[in-house]
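Undergrad: Below you will find the structure I want to go over with you.
Where a number appears in this text, it was derived from the coordinates with a stated rule and is not lab data. Predicted model only: the values in this text are computed from it and were never measured. Positions of Cβ are backbone-derived with ideal geometry, glycine not excepted, and every protein chain shown enters the neighbour counts.
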Amino acid sequence: MAKVLVVTSGKGGVGKTTSTAALGAALAQNGKRVVVVDFDVGLRNLDLVMGAERRVVFDLINVIHGDAKLPQALIRDKRLENLSLLPASQTRDKDALTIEGVARVISELREKFDWIICDSPAGIEKGATLAMHHADTAVIVTNPEVSSVRDSDRIIGLLDAKTAKAAAGEKVEKHLLLTRYDPARAARGEMLKVDDVLEILSIPLLSIVPESEEVLRASNVGAPVTLNAPQSTPARAYFDAAKRLQGEKFEVVVPEERRGFMGRLFGRRVA
Amino acid sequence: MLAPEPPLAEWLDELDAQMQRSPAYFAGKPVVADLTALAAVPETVAGLFESLAARGIRLVGIEGIEPAVTGLDLPPLLTGGRALSEVAEEEKPRSEPASLLLDMPVRSGQSVVFGTGDVTIIGSVASGAEVVAGGSVHIYGTLRGRAVAGVAGNGTARIFCRRLEAELLAIDGLYRTADDIEPQLRGKPAQAWLAGDSMVVAGLD
């Protein structure tokens, strides 16, 4: 049965779009039919990260307003044929989204795909609440710092109150994706510890994605990191996350600083 | 007793906000809807009942509307009811349950308001969340947000928490912010109460 997953955070710049692309590509590489939907109307980015910006003709708003049919707007990925993108409009704003229109698009997508991954805009306004409205599962992207954690907490509250599942008395399944985790800074106590974040948010941990050059490099060439550098540590963290989303259970490993021989000799003094 | 007003969408939004503040308010209670304000737009009435049912509100009757409008699937029409304002005033002395128990964390931006008794939270209260009680506040978790006790003028109310990281504590209008709470109590089980005109915060050991 199709699953609708929303990638959300409240705060901007924590890695929602990067994570949407990476998780989408990881699930597609596991053989699932996946569509990633950009809900950030007016500030679309997902097409760039997916490397599809030169092939956008119609978008989510066109489909909602009936100007285009859904298959016309879907862009199939060049590297993975079972991965598609539904881009956002750059010229409209979030008021162009309607609750009935979004419901219709999501139910059409449910017939064609196994996973529908909605990339939520930042904030708690209409765009974000519509992106989460039909979700069965939510991935809450959080950086290990206080403002991001508090905003995530706010979003979790909204997931429990404002979604279709909440209105039906059910619960949206929630997962924490800790991104931009810097093992060196964590060791020096300059970042919130993983346990502290988990204690505050009290939702299960999906994976920890370390801060990495590879993520930036992948965005710049327009490829999800799970396609561009599948052996890199961030890509492996996203592959683990995709496995856990599909129901596999295994322990989350907290990334540690990789130090050379000299680092191991002298590292203690700094720490 | 509910008195929906047009436009219905806005009224439902307000209802949602109210239900978010006190989620248990309508739970299991028989509710009567006064539709006087909606009499001019009878076509919205059927949709209203679906909207209310979706929120778990059980209607036992309606009033203030033409009998012709009520279909077979609508609750029975009541007549002879009194206006909402007089009923509300008369109902006050009736004994409400004196405590509210929530078995979930209170998230940032959420506000739990219970003016007529104690509030017990099994879980943490996040930074940016608030719990407001007419009586005492009990938090079996970490208090990172605001706790306001004795809001209806009850100076004997107290605040208890398993771990104190509060942004603000208030009892009967007197308050202390995080800056004014002794640093050695941070992260400890603690309680707060009023001694005369000042608030005392002490460990719970």
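Undergrad: Relative to the Cα centre, what is the charge dipole magnitude of the protein assembly as shown, using +1 at the beta carbon of each Lys and Arg, -1 at the beta carbon of each Asp and Glu, and rounding to the nearest 20 debye? Don't skip to the end; give the middle numbers.
TA: Values: 54 positive and 63 negative charges, 457 e Å.
The calculated dipole for the protein assembly as shown is roughly 2200 debye.
Undergrad: How many nm is it between the label spots at B:Ala202 and A:Glu213, if each spot is 7 Å from the Cα in line with the beta carbon?
TA: Simple spin-label model gives 6.0 nm for this pair.
Undergrad: Something else now. Could you compute the net charge surrounding A:Lys11? Neighbours are other residues with a C-beta less than 15 Å from the C-beta of A:Lys11; K and R count +1, D and E count -1.
TA: For residues surrounding A:Lys11, the net value is -1.
Undergrad: Name the shape class, rounded, prolate or oblate, that the alpha-carbon gyration tensor gives for the protein assembly as shown, where a ≥ b ≥ c are the square roots of its eigenvalues, rounded holds for a/c under 1.5, and otherwise prolate holds if a/b is larger than b/c and oblate otherwise.
TA: Note, shape of the protein assembly as shown comes out oblate.
Undergrad: Still on this structure, I have one more. A:Tyr181's amide H: which non-local residues (gap 5+, or another chain) put their own amide H closer than 5 Å, with H modeled 1.01 Å from N in plane and none for Pro or chain starts?
TA: Here the answer is A:Val209, A:Glu211, since their amide H atoms fall under 5 Å of that of A:Tyr181.
Undergrad: I want the antiparallel fraction of DSSP beta bridges within chain A, as a percent rounded to 5.
TA: DSSP beta bridges in chain A are roughly 5 percent antiparallel.
Undergrad: Still on this model: Mind checking which of B:Gly115, B:Gly203, B:Gly135 is farthest towards the positive end of region B:99-203's charge dipole, using Cβ charges of +1 (Lys, Arg) and -1 (Asp, Glu) about the Cα centre?
TA: It is B:Gly203, whose Cα lies furthest towards the positive end.
Undergrad: Out of all DSSP beta bridges with both ends in region B:99-203, state the antiparallel percent to the nearest 5.
TA: Of those bridges, close to 35 percent are antiparallel.
Undergrad: Students often get this wrong: which residues of region B:118-145 have the backbone nitrogen under 16 Å from the point 7 angstrom along Cα-to-C-beta of B:Lys188?
TA: Those under the cut-off are B:143.
Undergrad: Another question about this same structure. Find which of A:Leu109, A:Gly10, A:Ile75 sits farthest along the positive direction of the dipole of chain A, computed with +1 on the beta-carbon of Lys and Arg, -1 on that of Asp and Glu, about the Cα centre.
TA: A:Ile75
Undergrad: Which value, in debye to the nearest 20, gives the size of the charge dipole of chain A about its Cα centre, when Lys and Arg are +1 and Asp and Glu are -1 at the Cβ?
TA: Computed about the Cα centre, the dipole is about 540 debye.
Undergrad: Sum -39500 (n - 2.57) across every DSSP H segment of at least 4 residues in chain A, then divide by the residue count to get the 222 nm mean residue ellipticity, nearest 500.
TA: That comes out to -12000 deg cm²/dmol.
Undergrad: What's the center-to-center distance, using Cα atoms, between region A:163-207 and region B:176-190 in Å?
TA: 26
Undergrad: Then there is this: How would chain A be classified by its alpha-carbon gyration tensor: rounded, prolate or oblate, with rounded meaning a/c under 1.5 and the a/b versus b/c comparison settling the rest?
TA: prolate
Undergrad: Here's another thing I want to ask about it. Taking region B:99-203 as the region of interest, what is the percent of Cα-Cα pairs per 10 angstrom bin, listed from the shortest bin to the one with the maximum distance?
TA: Once binned at 10 Å, the Cα pair distances of region B:99-203 give 18, 56, 25, 1.
Undergrad: In degrees from 0 to 90, rounded to the nearest 10, what is the angle of the helix A:233-245 Cα long axis to the longest principal axis of chain A?
TA: Helix A:233-245 sits at roughly 60 degrees to that axis.
Undergrad: Can you compute the charge dipole magnitude of region B:99-203 about its Cα centre, using +1 on each Lys and Arg Cβ and -1 on each Asp and Glu Cβ, nothing else charged? Give it in debye, rounded to the nearest 20.
TA: So the magnitude is around 300 debye.
Undergrad: Could I ask something else about it? For region A:1-75, just say rounded, prolate or oblate: build the C-alpha gyration tensor, square-root its eigenvalues into a ≥ b ≥ c, call rounded for a/c under 1.5, and beyond that prolate if a/b exceeds b/c, oblate if not.
TA: Oblate shape, in that a/c is at least 1.5 and b/c is the bigger or equal ratio.
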